[in-house]
Amino acid sequence: MRSSPRLFALVFAAVAILAAPVAAGVPIIGPDGQMPSLAPLLKGVTPSVVNIAVMGKKSNEPEVAGSGVIVDAKAGYVLTNHHVIAHADRIVVTLKDDRRFDATLVGSDPDTDIALLRIAAQDLTALPIGDADRLEVGDYVLAIGNPFGLGQAVTSGIVSALGRTGLGLESYENFIQTDASINPGNSGGALINLRGELIGINTAIFTPGGGNVGVGFAVPINMAESVMKQLVASGEVHRGRLGVQVKDLTPDLAESMGVTARQGAVIDFVDVLSPAQRAGLVPGDIILSVDGDTVRGAADLRNRVGMTPLGRKIQLTLLRDKARKTLDVTIE
């Protein structure tokens, strides 16, 4: 579902009006005389978000575990988090209309915390998939899930940061950070934009006490979709390999190397007989981009290579002896 221009106008009018002083008891009215609301958007997307309960060997009753998102209505595919279903012997999916289905696990990837389920159901509503690479800090987002097992709930906020890595939550991290309230039970739920498109799978919170403090993280849908395609094809994920050890290009390192670049990944070591060695990469090379997309650092390069399909050729732009050059590498 795509929201109308009128909905956008109402949303932004609401933001502007709410930012200004309002006399007690005075209603907030949009530019066309309508009360601003996200309800029309949510009516179309909330049926795509499901509740997930699991049953393990130590329990005879399903226990509320988290949330999921229908991404293919015809096939019955539901995306969620690996940690939501990791120890389940039985997985039960409950739709917004209260229909319940036993789900089959298509496959799961602990390294990105993404799992794919399948349910045999008719009249499903799939959430359109957006493009997380187009997100910017400050974009409005909505989080939909099943916090604390209370049932479906919606919270709103903005994108607080992009490309969060080094959190130690997953092996492959490239999180969207948001201040939309995410609590236990929201895991596996949807992070959407104001077009009603899925742009992330809510995964984790950063909190000293177990509750929301305005720092939540979602796996970008581009990464989740890449994992999903491999799970559909083979039930497992095969990681791409370049065969290098790298470190971040820090400002101090850039100064010591005499380069003006401020982002990139510096090669420390090249494995023998690796794709990198065959392509001609050497220690000291600074990788600036992959297929034209800027490399922010070592973790970013690892994510890009790891999510590249095996056998695909990528183009690296790099600095060697302060000169820019390009090399093609086939991922293994």
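A short reminder: the numbers here are calculations on the coordinates, not readings from a lab. Bear in mind the structure is a predicted one, so any value in this text is a computation, not a measurement. Counting neighbours? That spans all protein chains shown, and the Cβs are built from the backbone with ideal geometry, glycine included.
Looking at region 244-330, the pairs of alpha carbons with a distance over 20 Å make up 24% of the total. Note on region 177-332: the alpha carbon radius of gyration divided by the globular reference 2.2 N^0.38 Å gives 1.23. Neighbour counts of other Cβ atoms within 10 Å put Asp113, Asp300, Asp328 in the fewest-to-most order Asp328, Asp300, Asp113. Note: relative contact order over region 244-330, using C-alpha pairs below 8 Å and six or more positions apart, is 27 percent. Remark: Phe175, Phe101 ranked as Phe101, Phe175, counting other beta-carbon atoms within 10 Å and listing the fewest first. For region 87-198, the relative contact order is 24 percent, taking Cα pairs closer than 8 Å that sit 6 or more residues apart in sequence and dividing their mean separation by the residue count. Partners of Lys322 within straight-line reach, counting aspartates and glutamates whose Cα lies under 13 Å from its Cα and excluding those fewer than 8 residues away in the same chain: Glu255, Asp285. For region 39-236, what D do you get in µm² per second when you plug the Kirkwood radius from alpha-carbon pairs into Stokes-Einstein at 20 °C and 1.002 mPa s? It diffuses with D of about 132 µm²/s by this estimate.
Residues Tyr77, Tyr140 in ascending order of nearby Cβ atoms (within 10 Å, fewest first): Tyr140, Tyr77. Proximity of backbone amide H atoms, modeled 1.01 Å from N, is registered between Gly66 and Ile52 at under 5 Å, excluding neighbours fewer than 5 places apart on the same chain.
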